[in-house]
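Colleague: Take a look at this one; I'll ask things after.
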């Protein structure tokens, strides 16, 4: 069903660990693209998912980060620790830079049923489909929406199919409007002929190693609006003093005040998640935990919001 796409930075991996039980009980299958050379944090996150009984997909040839040139250590990790655990599958990223020869080599290295092909700009779909033959039915096909189209997808009509769409537009924090549309994929993915859907959470697909000092602080919080056919939107709660990069704690406090005011409204659309309750605690204590921690809470809130939606949809 839902496949959140993580890039494997520290705050994302911690969010996975802390949400492992929720991910498992909701049937979510996270995709993790490792971007840090050290695999210790990744191992802890994947193990937490396994312990909770959740499935996951580990990208063995990342496009970004420290393993971009060589992902052999990731394949080795899979072979060493999870070769007999079908809950952890390999994900093979097929980009515009991936040749048919390289795709064939990677697929040959991971012959297990359920291996995921992540279609993200690959330019030889017909040749790949012919190469796969009947095996295409045993694979998971994950399409990055901005880098594939319907003609491409027609070559991979068999097997489990997932569409990943980035609902989060990356901007400078000060440039965000208060409210943006995020996605309708959680409602419409079956109408698109898909078995599952995904997104890049409240981080977005635009990868960067790290930013400079923050002139503005923004807290991004998603919600589902039943009055808008259950479409998902995202609030951007921004700081006010955005002229200099000084005093991030003050900026966070300004943004947090707006979040709490929205959550306190009588007919608020913000779900009362564990993340919102932790934001309330930070507000009560006047504590600034750091921007990475804030991003972690935003991710956890997004996961809980979708878990709540699907649990209610199942109950109907």
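Colleague: Can you pull out the residues in region 205-222 that are within 16 Å of the chain's Cα centre (by Cα) and surrounded by 17 or more Cβ atoms within 10 Å (Cβ to Cβ)?
Modeller: Here is the first cut: in region 205-222, the ones within 16 Å of the chain's Cα centre (by Cα) are 205-208, 220-222.
Of everything in region 205-222, those that are within 16 Å of the chain's Cα centre (by Cα) and surrounded by 17 or more Cβ atoms within 10 Å (Cβ to Cβ) turn out to be 205, 220, 221, 222.
Colleague: Here's another thing I want to ask about it. Taking the conditions exactly as written (under 23 Å from residue 255 (Cβ atoms), surrounded by fewer than 19 Cβ atoms within 10 Å (Cβ to Cβ) and either at pLDDT below 95 or not assigned by TED's automatic domain parsing to the domain that holds residue 237 (or both)), does residue 192 satisfy them or not? Talk me through it step by step, then tell me what you get.
Modeller: Details: under 23 Å from residue 255 (Cβ atoms): no; surrounded by fewer than 19 Cβ atoms within 10 Å (Cβ to Cβ): yes; either at pLDDT below 95 or not assigned by TED's automatic domain parsing to the domain that holds residue 237 (or both): yes.
Criteria not met by residue 192.
Colleague: While we're looking at this one, here's another question. Residues 93, 100, 39: which one is over 22 Å from residue 19 (Cβ atoms), assigned by TED's automatic domain parsing to the domain that holds residue 10 and surrounded by 16 or more Cβ atoms within 10 Å (Cβ to Cβ)?
Modeller: Details: 100 fails: surrounded by 16 or more Cβ atoms within 10 Å (Cβ to Cβ); 39 fails: over 22 Å from residue 19 (Cβ atoms).
Every option except 93 fails the conditions.
Colleague: Starting from region 49-73, take each residue that is farther than 20 Å from residue 104 by Cβ and list its partners that are surrounded by fewer than 18 Cβ atoms within 10 Å (Cβ to Cβ), counting only C-beta distances under 6 angstrom and pairs at least six apart or across chains.
Modeller: Final answer for the pair search is 50/87; 52/21; 55/87; 64/207; 66/36; 66/37.
Condition check ((1) assigned to a helix (DSSP H, G or I); (2) farther than 18 Å from residue 183 by Cβ; (3) at pLDDT 95 or above) across all residues:
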residue: 236; (1), (2), (3): no, no, yes
residue: 245; (1), (2), (3): no, yes, no
residue: 263; (1), (2), (3): yes, yes, yes
residue: 280; (1), (2), (3): yes, yes, yes
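Colleague: Confirm whether residue 87 is crowded, with 19+ Cβ neighbours inside 10 Å, under 19 Å from residue 142 (Cβ atoms) and without any contact (Cβ under 8 Å) to a residue 60 or more places away in the chain.
Modeller: Values: crowded, with 19+ Cβ neighbours inside 10 Å: no; under 19 Å from residue 142 (Cβ atoms): yes; without any contact (Cβ under 8 Å) to a residue 60 or more places away in the chain: yes.
It is false that residue 87 is crowded, with 19+ Cβ neighbours inside 10 Å, under 19 Å from residue 142 (Cβ atoms) and without any contact (Cβ under 8 Å) to a residue 60 or more places away in the chain.
Colleague: While we're here: Please tell me if residue 271 is touching a residue at least 40 places away in the same chain (Cβ under 8 Å), under 18 Å from residue 181 (Cα atoms) and part of a loop (DSSP other than H, G, I, E, B). First the steps, then the outcome.
Modeller: Working: touching a residue at least 40 places away in the same chain (Cβ under 8 Å): yes; under 18 Å from residue 181 (Cα atoms): yes; part of a loop (DSSP other than H, G, I, E, B): yes.
Criteria met by residue 271.
The values are calculated or read from the model by the stated rules, or taken from the named source; none is laboratory data. Since this is a predicted model, take the numbers as computed values, not measurements. Virtual Cβ from ideal backbone geometry, glycine too; neighbours counted across all protein chains shown.
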